[in-house]
Each structure stands twice: as structure tokens, then as C-alpha cells.
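Enquirer: If you scroll down you'll find the structure; I have some questions about it.
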Amino acid sequence: ISFILPNFIGFLVFVLIPVVFSFVLAFMDWDGFNAMTFAGFENFVEIFKDRIFRQSLSQTFIYTFFNVLISAAAALGLAIILNAKLRGTTFFRSAIFFPYVASVVAVGAVWKAMFMRNGGPINLFLQFVGVAEEHLPGWLSSTDWALAGVIVVSIWKNMGYFMVIYLAAMQNIPATLYEAAEIDGARKWQQFWRITFPMLTPSHFFVLMMLTINSFKTFDLIFALTEGGPGTATTLLSMYIYKESFAYWHYGKASAAAMILFLIVGTITILQFRVEKKFDDFM
């Protein structure tokens, strides 16, 4: 007991109690200074009437959809390339994985400079290939491009970790399966679709589940890049919760939004586990 007690106390103080308190606050009206008053479901009604909440909810789904699909596809593609026995693969594996462990603040600073409308390397390259100056994207400074810019940075930062997951799974596939396929005359793309892709099914579920959960609770990257701006163009649910809490002191509304986020993530996670279980039973 004494061995796990420090960890349990930390979990109790910093996780369990705040989570329970947040559920209670969802049904309260409190600004952090005056006495709490019971509000019932009023906070939920108010946030669904709030245009910014509805916008942040839709932007969260858009961000999650593209971030999950493109990150998973990029990670799988990189794993296939780096699984080949070529010179320099160790260096490239490390280089691609490095952004995942890099400081979010440093990543935000670097990509802000990369995305500068005037003088940024990306727009300079676009000018070099023939894009007119008036058509250059504003990236993080434009309401039309900011969310796309954030998605690009998120994919770049996270794909290295999931590449390692896929790479480890690929290296555990028995080589005899590929040898038998070659004897039968199967081409490389046929080997991929008939052997590699199905054998990676557990990794697919893990990658998609982790990417989905991480996408819904993304906060630090948004804060480092745009702080939810310009305007509310990159305000996701996590950023909405933060602003309602620490900018407007609406702790009840923020907790209600947090409960909705919890229910969304919980529902998606349960569905993913059920799909995986049915797939395993089918196989």
C-alpha cells in the first residue's frame, strides 16, 4: 500500500477530485468568486445557443476527421518506406519521430515563422512555383486557412509516433508469408493488400483510437499556434472550455462543455472497441 500511496494521492488530488468537481459545476452557476447557485440544465441550454460553441464543435469534428485520416495514412506510408532495407533508414526514422517529442512551444514558434504570409519559407516556395502574391495563403492569419494550417502542423508532429507503431507491427509479420506469396506470383501491391494491411489490423485500431482521442482534446498546439484565432477560426472545444473558464469566468458553462466533450470521446471510444471486437470475432 505504501508503494502505490503517493501515486494514488496524486491521482486523487489532480485527476479524480477535479473531474468530479467539474461534473458538479456543469449544473451550477459560478464565477469563481460568488457563491454557487444551482442552475440545472441551464448551462447546457446556454452553450447550445452559443454560436461560438456550435462553431467550435463543428471545427473540432473537421479537425479530427482530417487529422486522423491523413496522420494514419502518412504514418502507414512512411512505415512502408522505412521498413525497406535501404541505407539511411535509421536516420530518417529518428528524424521523423523527433517532432513528436519536441516542445510544443518550439514547434509553434517554428511553424509560425514558416507560415508567415510575407517572407515565410512556405509562401516563398509557392511564389517560386508560380503562385501570384495576391493568392498566397494567409495560413495562420487567415480565417479561411488557419484551421488547415493547424491540421498540417498536427499531422507533421504526430505522424512519427504512429509510424513507429506501424513499423514495429510490420517487422513482426512472418517473412514466410511474403515468400509464399512471391512463389505464387503475387506482386508487391497484392502482398500489401492481402498480407501487410490485414496483419496490421490491431495497429489500425490502436492508431485510429489514439488519434481520435488526442484530436478531440488537442489544446496545447492550438494555444501555441493561434490561441483559437484569428477570431474563432481555430477555436476547438478544448479552447472553448479554456476561454469560458479563464477568460470569461463562466465555470458552469465550461464544465458543461467539458462534459459534452467527455461524452463524445467516450462514445467514439466505445464504438471503436465494439467494432474491433466484432472484427476480431469475424476473423
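Enquirer: Rounded if a/c is under 1.5, else prolate if a/b beats b/c, else oblate: with a ≥ b ≥ c from the C-alpha gyration tensor eigenvalues square-rooted, which is region 9-67?
Expert: Working: a/c = 3.08, a/b = 1.27, b/c = 2.43.
In terms of gyration-tensor shape, oblate.
Enquirer: Additional query: For n ≥ 4 DSSP H runs only, could you compute -39500 (n - 2.57) per run for the chain, divide by its residues and tell me the 222 nm figure to the nearest 500?
Expert: Working: 14 runs with 190 residues, N = 283.
When only DSSP H runs of four or more count, the value is -21500 deg cm²/dmol.
Enquirer: Starting from the amide H of Met28, placed 1.01 Å from N in the peptide plane, find each other amide H under 5 Å away whose residue is 5 or more places distant or on another chain.
Expert: Counting only residues 5 or more places away or on other chains, the set is Ala39.
Enquirer: Can you tell me the accessible area per residue over the chain, all protein chains present, probe 1.4 angstrom, in square angstrom?
Expert: Numbers: 16800 Å² over 283 residues.
About 59 Å² of surface per residue is accessible.
Enquirer: Then there is this: Would you please name the trypsin sites (Lys or Arg not before Pro) within region 1-106 that are DSSP coil residues with at most 15 other C-beta atoms within 10 Å of their C-beta? Walk me through the numbers before you get to the answer.
Expert: Values: sites: Lys49, Arg51, Arg54, Lys85, Arg87, Arg93; in loops: Lys85, Arg87.
Sites meeting the loop and neighbour criteria: Lys85, Arg87.
Enquirer: From the mean inverse distance of alpha carbon pairs (Kirkwood) and the Cα radius of gyration, derive Rg over Rh for region 128-182. Display every interim value, and only then the final one.
Expert: Numbers: Rg = 20.1 Å, Rh = 15.0 Å.
Rounded to two decimals, Rg over Rh is 1.34.
Enquirer: A follow-up question, please. Ignoring any ligand, DNA or RNA, what whole percent of the accessible area of the chain comes from carbon and sulfur when the probe is 1.4 angstrom?
Expert: Working: 11760 of 16800 Å².
Carbon plus sulfur share of accessible area: 70 percent.
Enquirer: With the alpha-carbon atoms as the only input, what is the per residue convex hull volume for region 170-245 in Å³? Provide the component values of the computation, followed by the final result.
Expert: On the way: hull volume 9.3 nm³, N = 76.
Taking the convex hull of the Cα positions in region 170-245, it is 122 Å³ per residue.
Enquirer: Please say if region 88-137 is rounded, prolate or oblate, where rounded means a/c under 1.5 for a ≥ b ≥ c the square roots of the C-alpha gyration tensor eigenvalues, and otherwise the choice is prolate for a/b larger than b/c and oblate otherwise? Before the final figure, lay out the partial values.
Expert: Numbers: a/c = 4.77, a/b = 1.79, b/c = 2.66.
Here region 88-137 falls in the oblate category.
Enquirer: Given Lys157/Lys278; Lys217/Lys253; Lys49/Lys253; Lys217/Lys277; Lys85/Lys277; Lys49/Lys243, which pairs have Cα atoms separated by over 23 Å?
Expert: On the way: Lys157/Lys278 32 Å; Lys217/Lys253 17 Å; Lys49/Lys253 11 Å; Lys217/Lys277 25 Å; Lys85/Lys277 34 Å; Lys49/Lys243 17 Å.
Correct reply: Lys157/Lys278; Lys217/Lys277; Lys85/Lys277.
Enquirer: Which loop chymotrypsin sites (Phe, Trp or Tyr not before Pro) in region 1-69, with loop taken from DSSP, have no more than 16 other Cβ atoms within 10 angstrom of their Cβ? Could you put the intermediate results ahead of the total?
Expert: On the way: sites: Phe3, Phe8, Phe11, Phe14, Phe21, Phe23, Phe27, Trp30, Phe33, Phe38, Phe41, Phe44, Phe48, Phe53, Phe61, Tyr63, Phe65, Phe66; in loops: Phe3, Phe27, Trp30, Phe33, Phe41.
In loop regions of region 1-69 (DSSP not H, G, I, E or B), the sparsely surrounded chymotrypsin sites (Phe, Trp or Tyr not before Pro) are Phe3, Phe33, Phe41.
Enquirer: Tell me the label only: which of (i) 19.1; (ii) 19.9; (iii) 21.9 is Kirkwood radius over Cα pairs in Å as calculated from this structure?
Expert: Computed from the coordinates, Kirkwood radius over Cα pairs in Å corresponds to (iii).
Enquirer: What's the local net charge at Trp249, with K and R +1, D and E -1, over the other residues with C-beta under 15 Å away?
Expert: Values: positive: Lys243, Lys253; negative: Asp29, Asp31, Glu46, Glu244.
Combined, the nearby Lys, Arg, Asp and Glu give -2.
Enquirer: Short version: what are the Cα gyration tensor semi-axes of region 115-227, square root of 5 times each eigenvalue, largest first, in whole Å?
Expert: Taking √(5λ) for each Cα gyration eigenvalue gives 39, 20, 10 Å.
Enquirer: Okay, next question. If I require 24 Å or longer along the helix axis, counting alpha carbons, and a Kyte-Doolittle average no lower than -1.0, what helices from the chain are left? Use full DSSP H segments. Before the final figure, lay out each step's value.
Expert: Details: long enough: 51-82 (45 Å, 1.28); 146-170 (35 Å, 1.64); 251-282 (46 Å, 0.74).
Helices meeting the criterion: 51-82, 146-170, 251-282.
Enquirer: Just to confirm the filter: which trypsin sites (Lys or Arg not before Pro) across region 180-243 are DSSP coil and have at most 13 other Cβ within 10 angstrom of their Cβ?
Expert: Values: sites: Arg187, Lys188, Arg194, Lys217, Lys243; in loops: Arg187, Lys217.
The qualifying sites are Arg187.
The values are calculated or read from the model by the stated rules, or taken from the named source; none is laboratory data. What you see is a predicted model; the values in this text were computed from it and never measured. In this analysis, Cβ positions are derived from the backbone assuming ideal geometry, glycine residues included, and neighbour counts consider all displayed protein chains. Note: accessible area is taken over every heavy atom of the protein model, side chains too, but ligands, DNA and RNA are not part of it. Shrake-Rupley method; radii C 1.70, N 1.55, O 1.52, S 1.80 Å.
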